[in-house]
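Novice: My structure is below; once you've seen it, I'll send some questions.
The values are calculated or read from the model by the stated rules, or taken from the named source; none is laboratory data. Predicted model, so just to flag it, every value in this text is computed and none were measured. With ideal geometry, Cβ positions are generated from the backbone for all residues, glycine too; neighbour counts draw on all protein chains shown.
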């Protein structure tokens, strides 16, 4: 859905030729002039390198998990290609929730107390959330009401996970453009997070559902961009809002699910903004709207 939204947006810009890849078992997407169909027996990294080599600019949509996004960015940087995104070093920092937490603390960004899974406090009371250091979405994440259950679940995950106290409040996110330590806020969103037993599930959200917090979100956006000047292009930030307090949880240095409805929400083409951000000096943020647009992953559809 993120890929198809990006293809729709870039296809509306004149004089651009788009090249993308697609799993051969799936129908090829529309909106690209060239689609390389990849078989499961092929070396997909060789295919990606081929695509990057013949391109002038690259937009990478990939998870941080396993360092995939960082490795792809390193490949593009090594080939001296224009990356419409964050630097590999910024992705390494933002893609690791423990390193991100250290950055939050050093730059006085409000967040939650965070522990490495292998170095938990002896006495733990209350509810806690365990999550993968480099996980995307709610992947391999669970919530526990007692420390014993938490410690049992963490066996084998001691060096791959972090633990945070469960924080009441409204799950939120904001979308922004970043470049050279500056941030340009695009939308302030509510998230639909469901707890099923111990598991957390992300079901979508409401674009601009948290618009009343725009001033506070913008302050956080500027603080994050200044702390990580290597963040570039589209960036998503997850946080919790509770009784006037804000707790930043993680930074996604890539397209997020919110991009699916961003064009509708802001009333202009985010792909054009992305190109203007990187190619125009200085960048002038266009006047955008703040429409509320529902994203439903279960229905895989959008509704105004």
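Novice: Name, by its number, the condition in (1) in contact with a strand residue (DSSP E or B) (Cβ under 8 Å, 6 or more places away or on another chain); (2) farther than 13 Å from residue 251 by Cα; (3) not assigned by TED's automatic domain parsing to the domain that holds residue 135 that does not hold for residue 100.
Specialist: (2)
Novice: Tell me whether the range 152-171 contains one or more residues that are without any contact (Cβ under 8 Å) to a residue 60 or more places away in the chain, within 14 Å of the chain's Cα centre (by Cα) and outside the structural domain of residue 63 (by TED's automatic domain parsing).
Specialist: No - not one qualifying residue is present in the range 152-171.
Novice: Of the residues in the range 106-143, how many are within 22 Å of residue 179 (Cα to Cα) and either assigned to a helix (DSSP H, G or I) or in contact with a helix residue (DSSP H, G or I) (Cβ under 7 Å, 6 or more places away or on another chain) (or both)?
Specialist: 3
Novice: Now for a different question. For the range 61-97, enumerate the residues that are crowded, with 21+ Cβ neighbours inside 10 Å, in contact with a strand residue (DSSP E or B) (Cβ under 8 Å, 6 or more places away or on another chain) and without any contact (Cβ under 8 Å) to a residue 60 or more places away in the chain.
Specialist: Correct list: 73, 76.
Novice: Among the candidates 91, 30, 52, which residue alone is in contact with a helix residue (DSSP H, G or I) (Cβ under 8 Å, 6 or more places away or on another chain), closer than 27 Å to residue 226 by Cα and not in a strand (DSSP E or B)?
Specialist: Just one listed residue meets the conditions, 91.
Novice: For the condition surrounded by fewer than 18 Cβ atoms within 10 Å (Cβ to Cβ), farther than 30 Å from residue 225 by Cα and without any contact (Cβ under 8 Å) to a residue 24 or more places away in the chain, what is the one hit in 105, 122?
Specialist: Every option except 122 fails the conditions.
Novice: Counting only residues that are more than 16 Å from the chain's Cα centre (by Cα), at positive phi and in contact (Cβ under 8 Å) with a residue 24 or more places away in the chain, how many does the range 180-207 have?
Specialist: Here the count works out to 2.
Novice: Here is a check on your reading of the model: is residue 8 at pLDDT 95 or above and in a loop (DSSP other than H, G, I, E, B)?
Specialist: It is false that residue 8 is at pLDDT 95 or above and in a loop (DSSP other than H, G, I, E, B).
Novice: Would a scan of the range 56-65 turn up a residue that is part of a helix (DSSP H, G or I) and under 24 Å from residue 179 (Cα atoms)?
Specialist: yes
Novice: Which one of these does residue 18 not meet: (1) surrounded by 14 or more Cβ atoms within 10 Å (Cβ to Cβ); (2) at pLDDT 95 or above; (3) within 21 Å of the chain's Cα centre (by Cα)?
Specialist: Only one criterion is unmet by residue 18, namely (3).
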